[in-house]
Every structure is written in C-alpha cells, then in structure tokens.
1. Would you confirm whether any residue within segment A:365-375 is more than 26 Å from A:A77 (Cα to Cα) and either touching a Ser or Thr at 6+ places or on another chain (Cβ under 6 Å) or open to solvent by 30 Å² or more (accessible area, probe 1.4 Å) (or both)?
2. Out of A:H113, A:H67, I need the residue that is open to solvent by less than 60 Å² (accessible area, probe 1.4 Å), within 16 Å of the ligand (Cβ to nearest atom), assigned to a loop (DSSP other than H, G, I, E, B) and more than 12 Å from every other protein chain (Cβ to nearest Cβ). Which one?
3. Would you point out the residue of segment A:351-375, among those that are within 11 Å of the ligand (Cβ to nearest atom) and aliphatic (A, V, I, L, M), that is farthest from A:G388 (Cα to Cα)?
4. Could you go through segment B:133-143 and let me know if any residue there is at the interface with chain A (Cβ under 9 Å from one of its Cβ atoms) and loosely packed, with under 14 Cβ neighbours inside 10 Å.
5. Give segment A:70-110 a look and list any residue that's open to solvent by 10 Å² or more (accessible area, probe 1.4 Å), part of a helix (DSSP H, G or I) and either away from the ligand (no atom under 15 Å from the Cβ) or more than 26 Å from A:G134 (Cβ to Cβ) (or both), or say none.
6. When you scan segment A:367-394, how many residues do you find that are over 23 Å from the mean Cα position of the chain (by Cα) and within 14 Å of chain B (Cβ to nearest Cβ)?
7. Would you check if A:E343 is touching a helix residue (DSSP H, G or I) at 6+ places or on another chain (Cβ under 9 Å) and not assigned by TED's automatic domain parsing to the domain that holds A:V179?
8. One residue is enough: does segment A:138-161 have a residue meeting the conditions in contact with a Pro (Cβ under 8 Å, 6 or more places away or on another chain), β-branched (V, I, T) and within 16 Å of the ligand (Cβ to nearest atom)?
Amino acid sequence: MSKMTITEKILARAGGKASVKPGDLVNAKIDMIMCHDVTTPPAISMLKEHGIDKVFDREKIAVTPDHFQPAKDIKSAELHKRLDTWAREKDITYYYPIGKAGVCHALLPEQGHIRPGEVIIGGDSHTCTYGAFGAFSTGIGSTDLAAAIATGVLWFKIPASMKFVLNGKLRPGVYSKDVILEVIRRIGTDGALYRAMEFVGPALKTMSMEARMTITNMAIEAGGKNGIIGFDDITKDYLSGRLKGKTEYTVFESDADAEYFSTDEIDCSRLEPMVAFPHLPSNGKTIGECAGLAMDQSYIGSCTNGRIEDLRVAAQILKGREVAIRTIVVPATPVIWKQAMDEGLFDVFYAAGCVVSAPTCGACLGGFMGILAEGEKCVSTTNRNFVGRMGHPKSEVYLASPATAAASAVEGKLADPRKYI
Amino acid sequence: MAKAHVYKRDHVNTDEIIPARYLNTDDTAELAKHCMEDLDGGFVKKCRPGDIIVCGDDFGCGSSREHAVWSIQGAKVGAVIAHSFARIFYRNCINCGFYPIEMPDAVNKINDGDELEIDYKNGTINNKTQKKTLKFNALPDFALAIVHDGGLLEHIKNQK
Ligand code: SF4
C-alpha cells in the first residue's frame, strides 16, 4: 500500500477507501458542519425550493450568527431570523444564538466541536482553521452546504500536500501570525491552490492551540484547500474535558515516506514581526522595512487573532499607555469576552482609550462596527486585506499580529512591538 | 452577440466581485446590481446579457460566498473565462450549473470588446473579431454531469 499524508488518510477513511492518492475523487462522509448567518440562510432556502426537508444529523451541525450579529440592519436581521427559525425547527443540537454566539472559527473549537481525524466543512472560507486539530477541514459555498446538510456527504478531490517545516523557535515579539504571513509571502496567494498545507516541525511544540489556529486559519489566503497540523500532547490537553457529544476520536499521522508536492523550511528563530500590505496577504514586509507608516485605525479581533492569548498580548503592550488612533478590540466569543473581563484586560483597554465590542465578525469583512472611510489605513489582526475589505474601496488594510497592531495603536503608525515587550 | 470584457488582472477576489457590504441579502436581483462593483464600477451598465468576463489567474479567490456566482449569474453574464480559478469559486460555479472556463493565456488571446462564441461540446471559443478558434480545458465528466443537470441539488434529485 502506498504511503499517505494525514490529509489523504482522513479523506480515505471518510470515503471508505483503503488508500487514495492526489487527484482521486472520494464521496466523503461529513462529521461536522459549521453554519453562519451569511451563507446558511441561502442554503436553507435552496433546500426548501428543492423540496428537501431533511437534516442528515442534527447533532453534527453547529450554528452561530456572527458576520452581522447583533443584527446591523433590517436585511441582516432577516437573515438571522431565517437562520434562527430553521435551527429551532430542525432542533439543531448545537445552536448558539446571540449571547452564546461568537465568531464561528473561534467558537467551534472552544465549544468542543472539533475532533482530530474528522472531516469538517463550513460555509466559510476560513473553515480551514480547524485543521490545527489534525482534522480535514475546508470551506464551501451555500449549495455544497445545502447538499451536505441534506445528505451528510460531499465529493472531494484528494489534494496534493505541501509540507512546511517550522524550525527553530520564535523570538519574543514574534508570533504565529508572523509565521503564516511569511509563508504566504514566500508562496503567494495561489501558491497552494487546490493543495493541502501541512505544518510540521519543532517550532509548533512551543505554540498553543490558539497560536496554531492562527496558522491554519490563513491556509486559504495561499489558495490552500486545507491547512493541517498533526495531533500531539498540546492538542490532547486542549481537547480533554472540552469535547461535546462524541468524546472519542481517531488520530492520523503522515507516513514518514509519504509523498509531498513540495517541502519548504522556515527558520522561525530568524523571523521578524511581519505586516502584509494592501491589497494581498502575500505583500508581506518585515516591520523594519515599514515602521513609521501612519495609520488611522487599529483592529484587534477576528477568527485569526481574537482569542484570549491575542487580547493578553495586546493588553500587555497597551497597559499604562494611551492609543494615538481609533482602536477597536473584539473578543471573538462570549467565553473569551468574559475571560478578558475577569482578567482585567478591559480595564487596560478602557484606560488606553480603546473601544471593546461584543463578539462579531463586524468590521473584519467590512460589515459594521469599525468601517473605514475613503483613504483610511487600518492595521488589523484579521486575515484578508483585499480592496474594500474593511470599508471604502479606497481604504487600506495592513495585516499584522496583535502585538504589532497594539504597538502601532500606541504610536499611531506601524510600529515594532519588540520595543514594548 | 457576446462581447468580451477583459480585465488583465490576476487574483480578482470575491470582495471585488460582490463586496461584503451587500452580503446582508441573498436576493439575486439585488446582488446583480453590484456585480464586479469594486473592480469596475461601470460593469453592470455596460454588460449585456450573454457577455463574457475574461481574466487572468486565480479568479474568485477569497471568501466562500456563493453570492459572487449569483451576482454574475444575476447580471446575466454568459461565461467567465480565466487562466485559472480559485478552488471554492470553481466548485460554487459547478454547483450553480455555471460552466467555469479555464483557458491559459486568455487575456492575451482575447481583446476587450471581441465578439466570442462558446462551443461547450467541443471545448472551443470562436473569437469572431480575430477570426480565430481557441481551445479551453474541458470540465471533468463528473463536474460536467452536475452542470448539465443545472446544479448540484438538481443533480442529487436526479440521482434518486
Ligand atoms: S472574523 Fe472575518 S475572516 Fe473570520 S469568519 Fe468572520 S468575517 Fe470571516
């Protein structure tokens, strides 16, 4: 039997095959589906139109409004109403309405819905985040979502895998966000088109699950079908006592002699804080090359960097200082929000002159709660800096780590966080 | 007469095709009004039913919003020809019964305003303006079957 990568093994298992190779097609059984307020309501309508009333398994679906929640206007309120009505009617086990709702890719792992070895899909491109748990996880559109909700099965072409070996150890002030921005800078926004991005190497051993999720979250920004990191003790500890429903899972690992499309090595000990310039996540520069560029807003949040660790890092820098520009902090889930409050981080943000919002995607996608005007520049901990992403088509987004966003907030211009750590 | 609208651009993303500020609805007619808005604000005005968008690499990258495909279908765009497509957009096209036409070097073989005729059966494009026949990469059979049925959900129903 030919040797396989972790991605190939998971898809082979889900497709009921002993072995697969890149290019093969499988009809994979889906273990978990993520549904949110933008792409799920249309899927629900499609199912209705086609007279399909069935939900394949109400325990394998997690639903949360996040993009425009709390509803930003009448139209989004209608979307939420459709989502809510459906989730209640179908008695979806894991429905997180407002109060429990959070940014989907932070919420599902936190609430224990992501298990290693499983196939997880979601109506959102950053569904690749869950690969940090040794799962195959990818984003799809509304029609695929509708089909998966009804049948629990979707076709996949087995992607070839690219291996990224993360060597060394990150220096203080440098984070996993800087690692993934460097990877995307090297290979480009379509450098991993249709392929799996597998991250391995000693640097991962010093990264928490939160930090790892920041890496897999951005696999799609290199065009990847999925990002994946193998299971280890850090994964195990995170999952222990957290999983909802089924608590057992199967761990897969890549065979030592599995075939890869390519192998890249990154020496993490040499990395510096990175900033991706408009309008592509691949336009990375080291902070040394760009410090001093004036900003209008700093945004700390999203499924990439709105977790408790991120807020702690930002607070560490903002403590006892004042921000020079509009600074918006968005804890990604209610649990993170409460934790940040209990740890006194809100006091730090308040004293520094930041505004803290409820969990929402909000401004990350140019929805609301921090939209940019014409010509404005925002240093942001999000994952995408396309034209118009956070507001006016002539506004600009600079992607960076929470530390860099916080340091830049203090100076009002792109700043090296290492001076503050 | 299908006219080509050529954008010599790679990585045209879904935020340019349909900006997120319009995602608070999934109404196709509404989405169609803003098709390609952040790439070319005048697109909807000049696009006639059946007209064709021509682009470089990685068309449709970014968000998984199928709204991008719906806005293109809603604006009555006849086809999109690109050197390559981003994965989720490509899949969404097939699922919506919209044939994504992959053709290397398209932006150099087709000029803005050229009149095109697509022969899906033979996998060719007749560039009437330049009097040339161009070949494109045909969809794999399983995807073709979905497109023929008019989309994934119709396909699933037909299989039952
Ligand atoms: S936080 Fe931003 S990138 Fe993440 S799911 Fe929400 S809109 Fe998408």
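The values are calculated or read from the model by the stated rules, or taken from the named source; none is laboratory data. All values derive from a computational prediction rather than experimental measurement. When we count neighbours, we look across all protein chains shown, and the Cβ atoms used for this are built from the backbone with ideal geometry, even at glycine. To get the accessible areas, we keep the full protein, side chains included, count just its heavy atoms, and leave off ligands, DNA and RNA. Shrake-Rupley method; radii C 1.70, N 1.55, O 1.52, S 1.80 Å.
1. Checking segment A:365-375: at least one residue is more than 26 Å from A:A77 (Cα to Cα) and either touching a Ser or Thr at 6+ places or on another chain (Cβ under 6 Å) or open to solvent by 30 Å² or more (accessible area, probe 1.4 Å) (or both).
2. Of A:H113, A:H67, the one residue that is open to solvent by less than 60 Å² (accessible area, probe 1.4 Å), within 16 Å of the ligand (Cβ to nearest atom), assigned to a loop (DSSP other than H, G, I, E, B) and more than 12 Å from every other protein chain (Cβ to nearest Cβ) is A:H113.
3. Per the criteria, the residue is A:A363.
4. Yes: one or more hits.
5. Across segment A:70-110, the qualifying residues are A:I74, A:K75, A:A77, A:E78, A:H80, A:K81, A:R82, A:D84, A:T85, A:W86, A:R88, A:E89.
6. 5
7. The answer is yes for A:E343.
8. no
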